[in-house]
Amino acid sequence: MKEFFKMVFASMLGFLLFILLIGFLGVLSIMGMIASSEATKEVEDKSVMVLNLSGTLNERSENIPGFLSFLNFPESGLGLEEVLDAIRKAKENDKIKGIYIESGMFSSDSWASLQAIRRALADFKSSGKKVVAYGDSYSQETYYIASVADKVYLNPEGMLDWHGIASEPMFFKDLMAKFGVKMQLAKVGKYKSFPETFTADKMSDANREQITAFINGIWKNVCNDVSASRKISIDSLNAYADRLVMLEDPKELLAKRMVDGFLYTDQVKDEVKKIMGLEADDEIDQLGIADMTLVQDKRNEGDQIAVYYACGDIVVGNETSNGPSSGYQIASQKVCRDLQNLMDDDDVKAVVLRINSGGGSAYASEQIWRQVELLKKKKPVVVSMGGMAASGGYYISSGSSWIVAEPTTLTGSIGIFGMFPDMSGLLKDKLGVKFDEVKTNRNSTFGTKSRPFTEQEIAYLEKYVERGYKLFTKRVADGRKMTATQVEAIAQGRVWIGEDALRIKLVDQLGGLDTAVSKAAKLAKLSEYYTENYPARRDLLDELMNGSAGTDNYLDERMRAALGEYYQPLMMLKTMPYRDAIQARIPFDLRLR
């Protein structure tokens, strides 16, 4: 009898869960219909687009779509893709009178992305529309963007940060030694500085040379842009940075022409109306970035150019097969499969590969390079480099039809390395673990945790890494129509900014994503075209059945905020067992500030 009641109870519970599931799916269906009815947003006359510079700037938005947004899950940052599309739509829409930039707590580790936004705003102004910026305070990054505005206003008691650019890498060799851990290294390229974080206690001379070159190059671009917009000499801008104007009386900023005036928050709206030619009693309909994604895009006719986003670490396999993630990944199997689908899709006439990556697995980079080569044989492939397309990121770019980079893109870094942790000190000396062995051949215990590599084993590894380096340089030489000697002169793991990479023929053209799309259209001989972004964001059902990539990235951002400067090295150590031994990777954290 007891078993009977158990079966009845289990059946009732199962039935109840079934009813709840049906009800839940019904709610989702209603939400889907609501979402469909709001798929486009009508723009009211005399509208203003609001660009709120707050949070973290990523290549694509990490905001949670669908159901999680409905539950008011917190937003984690801005997506460059969405910002640029919003500015373009605002330029093309006659009902939008201008853009209002509001400076907040904002961060980006990519000056190339900031440069892309600034250039889009300058293009917006070319239509005759106005841009106004306001902030209670400006970080150096937000001021760089805001300085393109027709008017830049600051709170009377506000602050404007302007201090220049520095790189301050950290080194963990001595910290690891306290736990009995050290790194064993095999590398090619005197500028290949990634392993220094774990194998040295200061920058090598070669690394200091390349970092000095590229931060000076980035700062020169920043000063040139601000100088042109604000009519301030470059010498003056450098003098202001040296004097830390952020700590001076705000009134000095007006005298230095860095701002146009001081306003309190309640005064901003009237000033925006005046500058944009609106009447004092006009209502301003404000459109944020999320609203602009729902505004109908006028560019939806003609042939399709696919824009494929490849962002993050380059790893072997699929997105879910690489252990703990530290953000976006370029998973070789998934990317190759996606590019194969674009190659077979007759509606896609050209592909723009948007790359923002400091590299990763050398093997995965080779696989993606191969797929790009196959794709290029059927239709044009143009690379658009974001903030970084270096090492493995450059590897996968080298086989394309054309390469476009921002002037401040970090690229090159043609070199590879193998880095292997020696845990024997931790296990044997700190924890008291004992080892013994029986083996059939001399190298049967190769890779054991009981001891470091022998000199002979290191020699084998160095030969293996050298072969990988020669293959990398050959791919570059073939793709860029250069000799091996020419590539070697600019390789050795050295990082270049985009404008220098153009000079040494690592890239073909300077510009942003729009430049790359225009070039792809020209190569494909298209007169009318539109763009479609890939990979497509997962829909609501995918989010529920497979988990939310947005949630993962949101949690990752929270970890990044909590751990601060220790986040990257700790994640590197955590994910090391899941990474390929041989890496084509730029220093993961240049710590530009």
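The values are calculated or read from the model by the stated rules, or taken from the named source; none is laboratory data. Values in this document were obtained by computation on a predicted structure and should not be read as measured data. Ideal geometry is used to build each Cβ from the backbone, glycine not excepted, and the neighbour counts take in all protein chains shown. Protein only, heavy atoms only, side chains kept; ligands, DNA and RNA dropped before computing areas. Shrake-Rupley method; radii C 1.70, N 1.55, O 1.52, S 1.80 Å.
Below, the figures for the structure above:
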| read-out | value |
| --- | --- |
| Principal semi-axes in Å for the range 122-207 [√(5λ), Cα gyration tensor, largest first] | 45, 18, 10 |
| For the range 475-520: Kirkwood Rh in Å [reciprocal of mean 1/r, alpha carbons] | 11.7 |
| Computed lengthening from ASP123 to THR485, 0.36 nm per intervening residue step minus Cα-Cα distance | 126.2 nm |
| Solvent-accessible area per residue for the range 254-398 (1.4 angstrom probe, square angstrom) | 41 |
| Label zone at GLN340, where the point sits 7 Å out along the Cα-to-Cβ direction: the range 496-538 residues whose backbone N lies under 14 Å | none |
| Table column - 3J(HN,Hα) (Hz), the range 44-58, Karplus curve with 6.51, -1.76, 1.60, x for Gly and Pro | 6, 5, 6, 8, 10, 7, 9, 9, 8, 7, 8, x, 10, 8, 10 |
| Zone residues, the range 331-353, relative to TYR530, backbone N less than 15 Å from point 7 Å out along Cα-to-Cβ | 347-349 |
| Qualifying GluC sites (Glu not before Pro) in the range 108-201, DSSP loop, other Cβ atoms within 10 Å at most 13 | none |
| Residues of the range 431-483: accessible area per residue with a 1.4 Å probe, Å² | 73 |
| Alpha-carbon Debye profile of the range 136-275, log10 I(q)/I(0) at 0.08, 0.11, 0.19 Å⁻¹ | -0.36, -0.59, -1.04 |
| Whether the range 192-335 is rounded, prolate or oblate, judged on the alpha carbon gyration tensor where a/c under 1.5 counts as rounded | oblate |
| Full-stretch length increase - ASP303, ALA228 - with 0.36 nm per residue and alpha-carbon distance subtracted | 23.2 nm |
| Probe 1.4 Å - accessible area at PHE179, Å² to nearest ten | 120 |
| Theoretical gain in end-to-end length, LEU244 to GLN296 [0.36 nm per residue, Cα-Cα removed] | 14.3 nm |
| For the range 376-522: rounded, prolate or oblate by the Cα gyration tensor [a/c cutoff 1.5] | prolate |
| Between the range 408-462 and the range 207-272, the Cα center-to-center distance that results, in Å | 49 |
| Accessible-area composition of the range 330-439, carbon plus sulfur, in percent [1.4 Å probe] | 50 |
| 5 angstrom amide H check on TYR529, placed H, neighbours 5+ away | ASP303 |
| Longest to shortest principal axis, alpha-carbon extents of the range 368-448, angstrom | 58, 32, 16 |
| Overall Cα dimensions of the range 430-492, principal axis frame, Å, largest first | 55, 30, 17 |
| In the range 426-472, GluC sites (Glu not before Pro) in a DSSP loop with at most 12 other beta-carbon atoms within 10 Å | GLU437 |
| Ordering of 297-310, 393-406 by burial proxy (mean other Cβ atoms within 10 Å per residue, highest first) | 393-406, 297-310 |
| Three-way shape label, the range 67-212, alpha-carbon gyration tensor, a/c 1.5 | prolate |
| Label-to-label distance, nm, for residues given as ASP109 and ASN443 (7 Å Cα→Cβ offset) | 3.5 |
| Estimated FRET transfer efficiency (GLN456, LYS522; beta-carbon r; R0 45 Å; 0.05) | 0.25 |
